[in-house]
Amino acid sequence: ELLLTTGLILPTSRIGWKGYVSRLKSIGIAALGFGLGPRYFEAPSALVEACKAAGLTLLIVPDATPFLTISKAYWAARARFSEQHLQDEVAAHRALIDAASKPDPPVEVLRRLARAVDGWAASLTSTGKVNQIHPAGLVEEAEALESEVARLEVAGVHSAASFIAHGRYVAIFPLSVEETVVGYLAVGTADQLSAMHRRVVLTAVALLSIDSIHWQRSAS
């Protein structure tokens, strides 16, 4: 969050500013907007030093700029950011659904999912062996994944699991057909999956599960 203040009832001592900035950092404040005019004509040097020491961004708001103007600009930017995220998520879902109509759906789903989460995506057998992985050249990641899956005995787990392997966050989701786990989908990313990415992965899980049903029917 961005906190705006004119400093009317804030500390005046160096120790007071240091403690104030420390408390802001501890509760997750991302930046402090300090308004000039009502009490200060320039930011107190003790405040500037405290912000530098704590790594808190300090923004100086000129006297002629109302806080309301900043608030409106902030929320407008947040709205644009949220809209862009929504558009990106819809595009990712559409790309996965389109992949299901390709000649080799599992390969195409993995390829597009890896791109959507900016990492890798792999399909596993019901015993945890890596079947396919995209990008295809990630041999070391595949080996690390298999060893972790074997250790966790993921074949007997029907819920999602997550761990760190080869320096990446890995999440595994079961592919189920009529209450039977027929395989797993794994994704590896530099950071933990966001809520948006998790929803995209669950779409891939549903598509791969449907493909497993088609494969079983054609095999029988």
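The values are calculated or read from the model by the stated rules, or taken from the named source; none is laboratory data. Bear in mind the structure is a predicted one, so any value in this text is a computation, not a measurement. Every residue, glycine among them, receives a Cβ derived from its backbone with ideal geometry; neighbour counts consider all protein chains shown. Just so you know, the surface numbers come from the protein's heavy atoms only, side chains and all, with ligands and any DNA or RNA stripped out. Shrake-Rupley method; radii C 1.70, N 1.55, O 1.52, S 1.80 Å.
Connecting C-alpha atoms closer than 10 Å in a GNM of the chain, tell me which of SER45, SER71, SER101 has the biggest fluctuation. Maximum among the listed residues: SER45.
For segment 1-88, what value does the Rg/Rh ratio take when both radii are computed over Cα atoms and Rh is the Kirkwood radius, given to two decimals? Before the final figure, lay out each step's value.
On the way: Rg = 14.7 Å, Rh = 14.1 Å.
Using only Cα positions, Rg/Rh for segment 1-88 is 1.04.
Computed with a 1.4 Å probe on the full set of protein chains, the accessible area for VAL90 sits at about 60 Å². Measuring between their Cα centroids, segment 86-110 and segment 1-60 lie 47 Å from each other. Pair-distance distribution of the chain: all C-alpha pairs, bin width 10 Å, starting at 0; shares per bin in whole percent are 7, 25, 21, 13, 16, 13, 5, 1, 0. Comparing mean-square fluctuations of GLY128, GLY183, GLY19 from a GNM of the chain with C-alpha springs under 10 Å, the top value falls on GLY19.
Taking the DSSP beta bridges in the chain as the whole, what percent of them are antiparallel, to the nearest 5?
Working: 23 of 32 bridges.
The antiparallel fraction comes to roughly 70 percent.
Look at the dipole of the chain built from charges on Cβ: of PRO135, GLY35, LEU202, the Cα furthest out on the positive end belongs to GLY35.
When the residues ILE210, ILE164 are ordered by accessible surface, computed with a 1.4 Å probe over the protein chains alone, the sequence from largest down reads ILE164, ILE210.
Extending 7 Å from the Cα toward the beta-carbon at both ARG115 and ILE29 defines two label points whose distance is 4.4 nm. Fully extending the segment from THR57 to VAL90 would add 8.5 nm, taking 0.36 nm per residue of separation and subtracting the current Cα-Cα distance. When the residues ARG39, ARG94, ARG168, ARG23 are ordered by accessible surface, computed with a 1.4 Å probe over the protein chains alone, the sequence from largest down reads ARG94, ARG23, ARG39, ARG168.
Expressed as a whole percent, the accessible surface of segment 1-152 that belongs to carbon and sulfur atoms is 58, based on a 1.4 Å probe.
Within the full protein context, the accessible area of LYS129 is estimated at about 110 Å² for a probe radius of 1.4 Å. Computed with a 1.4 Å probe over protein heavy atoms only, the accessible area of THR6 comes to about 30 Å². In the chain, which longest range has no GluC sites (Glu not before Pro) that are both DSSP loop (not H, G, I, E or B) and surrounded by at most 12 other Cβ atoms within 10 Å? That would be 43-152. The count of lysine pairs in the chain with alpha-carbon distances below 30 Å, taking only pairs 8 or more places apart or on different chains, stands at 6.
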